[in-house]
1. Can you pull out every residue in the range 147-164 that is open to solvent by less than 40 Å² (accessible area, probe 1.4 Å) and not in a loop (DSSP other than H, G, I, E, B)?
2. If we scan the range 79-95, do we find a residue that is modelled with pLDDT of 95 or more, of a type outside the set (Val, Ile, Thr) and farther than 19 Å from TRP39 by Cβ?
3. Could you tell me whether THR122 is among the polar types (S, T, N, Q), touching a strand residue (DSSP E or B) at 6+ places or on another chain (Cβ under 6 Å) and open to solvent by less than 20 Å² (accessible area, probe 1.4 Å)?
4. Please list, ordered by first then second residue, the pairs with beta carbon atoms under 8 Å, 6 or more apart or interchain, first in the range 15-32 and open to solvent by 70 Å² or more (accessible area, probe 1.4 Å), second part of a loop (DSSP other than H, G, I, E, B).
5. Anything in the range 70-89 that is open to solvent by 50 Å² or more (accessible area, probe 1.4 Å) and either touching a Leu at 6+ places or on another chain (Cβ under 9 Å) or not β-branched (Val, Ile, Thr) (or both)? List them, or say none.
6. Sort out which residues of the range 90-107 are crowded, with 23+ Cβ neighbours inside 10 Å and either of a type in the set (Val, Ile, Thr) or within 15 Å of VAL48 (Cβ to Cβ) (or both), and write them in order of number.
Amino acid sequence: MKFITHFKEDIKAYKLNDPAARNNLEIFLCYPGFHAVMWHRFAHYLHVKIKAKLLARIISTHIRFWTGIEIHPGATIGKRLVIDHGMGVVIGETSIIGDDCLMYHGTTLGGKGTEIGKRHPTLGNNVMIYAGSKVLGNITIGDNVVIGADSLVLKDLPSDCIAVGCPVKIVKKL
């Protein structure tokens with residue numbers, strides 16, 4: 001089953017990305033980022049496949065109260081997303097997140113206003129967003145990008161770079 005595959009891969013991703021993660025049981029029981037993503041996968045299935053949008057929103061709202069992480073059930077999340085110290089993370093409805101991404105507390109993938117349609121960011125694979133950063137609007141972040149803490153990203157970022165600041169500037173090409 002796809003859900004079981006994601007479940008196992010998500011556990012492994014936490015073990016790889018968090019040196020404090022001691023074992024699978026601890027991650028399963030004690031990691032709010034893991035809980036938020038696990039329940040998001042179920043809510044997303046209800047939202048997209050079953051069209052049970054209200055039930056999906058109820059689940060996402062309860063998970064937000066439980067974990068402090070708000071993920072709209074319409075958001076598309078790839079494999080092995082790690083949300084570390086996730087309090088205050090917000091992922092908007094039309095966000096798309098690639099595989100092997102890492103987000104820290106207080107990060108936002110949000111909109112810039114009342115746009116219609118695709119209004120949230122698209123992240124490539126292997127994107128790392130440090131604490132407090134805001135990535136806003138219908139923009140694309142390429143693969144292998146690092147966004148420094150407290151950065152404000154309002155424009156596309158190419159693959160293979162490190163970007164920091166408010167507004168964000170590319171400081172290094174990888």
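The values are calculated or read from the model by the stated rules, or taken from the named source; none is laboratory data. As the structure is a computational prediction, the values presented were derived from the model and not from experiment. Here Cβ is always computed from backbone atoms with ideal geometry, including for glycine, and neighbour counts include all displayed protein chains. Just so you know, the surface numbers come from the protein's heavy atoms only, side chains and all, with ligands and any DNA or RNA stripped out. Shrake-Rupley method; radii C 1.70, N 1.55, O 1.52, S 1.80 Å.
1. ILE147, VAL153, LEU157, CYS161, ALA163
2. So far as the range 79-95 goes, no, none of its residues is modelled with pLDDT of 95 or more, of a type outside the set (Val, Ile, Thr) and farther than 19 Å from TRP39 by Cβ.
3. no
4. Listed pairs, sorted by first residue: LYS15/ALA21.
5. Scanning the range 70-89 gives GLU70, LYS79, ARG80, HIS85, MET87.
6. Across the range 90-107, the qualifying residues are ILE91, SER95, ILE97, THR107.
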